[in-house]
Amino acid sequence: MGESASEPNVSEANESTGRVDSTNDEATSADPRPGYFGAFGGRFVAETLVPALEELTRATHDLVSSSDFQAELSALLRDYVGRPTPLSPARRLARVIDPRGCHLSELWLKREDLCHTGAHKINNALGQVLLAKKLGKQRVIAETGAGQHGVATATACAALGLPCEVFMGALDVERQAPNVLRMQLLGATVTPVESGSRTLKDAMNEALRRWVTHVRTTHYCVGSAAGPHPYPSLVAELQRVIGDEARAALMERGAPPDAVVACIGGGSNAIGVFRAFLDDAEVALYGVEAAGEGLTARHAATLTLGQVGVLHGARSKVLMDADGQILEAHSISAGLDYPGVGPEHAALQASGRATYLAATDAEALAAALEVARSEGIIIALETAHAFAKLREIAAREAARRGRPVSLLVCVSGRGDKDLVTYQAAGLGAPPREDPVRSAVDQEAP
């Protein structure tokens, strides 16, 4: 609470001059200006940050897109991260979800949990730290919620030889202790943030404040497809390797999926897998955000229940009250516990190209157990939200198409960091029987 969604202390910077542009509230779905996705996006920042963002915009356009940079990054992703990641069939889980095969024909998992560091975050962090080094920056700062982006940034900085400081909400420091230790082992300074709700929003606020005071020598490695232009586009492009690999692998097998599913907080793994399929009109896109405790005020369902506002430098959907004050988000998953969302997702929702659902804490926990017991994969709590809605999505798409459908799910990260939460929720109890047999028996006439 106490933070305004209109952020009166910042301004919309003109792309060429950095001056306030009073016409920017008129953005429409046809808005052609750089940094906008329809009516969403833009650059609402303190004037101090404009030169750094302009530098980053030029570098994104000229350097990141260059063949030399792409070749160097591709080699790092291959030899250091372990790309391409596998595309795994989930046949047992498909039978648990749909024992009779009425709705679901195939279920494919894009295994970002098998990346070095255990999540998709390394794709973006490695690209940004490589870019920072080429720009001559002396240090890198980052924010983190679940700790995966912090670990990824600390890893990339250690590998490429740059100092790293990670801002993390004090509450997240407590509930993600293993990732805090990982960051420290990798040489990063972890700075707990005690303000506000002590979660991801507050960590991002503090990182922005630090960047303002060290803007010439420091690169701010934003972890999600959010923030001021050019971050949403930069992060999306660095993460689109997820969707590009998955689409190529599925096309080798004959056809794209009927629907793509991913969890969404800020939205980097989701936009990373969505982008490769945006031009495939017949491929439905589903993002699943955090409904928290359900029909209460304790949730992080920004796209489902939020309003248009400005947060962390961009216009998007935001959780706020009638006075424009930012509301505290809640999710059992630290990585989804954020009251905003990347502007490209807000635009995809507004255009109808993507559909966004919300899963509760309880649904996510149940889905995590289901995946572990049927496929032998312990997924992150963030990822579990996507799996929690597979029955609904399969039924919806099968009804629309008149046949069983194939689904592609992005497994954004592994669940090592969430083991304490899983234990506290009682997920470690021994099973009574095989989940596939149980599901089939329940469906038997």
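The values are calculated or read from the model by the stated rules, or taken from the named source; none is laboratory data. Note that the coordinates shown come from a computational prediction; the quantities given were computed from them, not determined experimentally. Reconstructed Cβ throughout: ideal geometry from the backbone, glycine too, with neighbour counts over all protein chains shown.
Here are a few things to note about the model shown:
- In the range 326-445, counting only helices (runs of 4 or more DSSP H) that sit wholly within it, the ones holding 3 or more residues that are under 30 Å from Met204 (Cα atoms) and not aliphatic (A, V, I, L, M) span 343-351, 381-388, 419-424.
- Screening Ala300, Ala276 for residues that are surrounded by fewer than 24 Cβ atoms within 10 Å (Cβ to Cβ), hydrophobic (A, V, I, L, M, F, W, C) and more than 23 Å from Ala399 (Cα to Cα) leaves exactly one candidate, Ala276.
- Exactly one residue out of Ala249, Ala226, Ala159 is more than 26 Å from Ala424 (Cα to Cα), surrounded by fewer than 24 Cβ atoms within 10 Å (Cβ to Cβ), among the small types (Gly, Ala, Ser) and touching a strand residue (DSSP E or B) at 6+ places or on another chain (Cβ under 8 Å): that is Ala249.
- Qualifying residue in the range 107-124 (condition: part of a helix (DSSP H, G or I), among the hydrophobic types (A, V, I, L, M, F, W, C) and surrounded by 24 or more Cβ atoms within 10 Å (Cβ to Cβ)): yes
- Residues of the range 211-240 classified as charged (D, E, K, R) and under 13 Å from Ala52 (Cβ atoms), total: 1
- Residue in the range 415-433 that is in contact with a Pro (Cβ under 6 Å, 6 or more places away or on another chain) and modelled with pLDDT of 95 or more present: no
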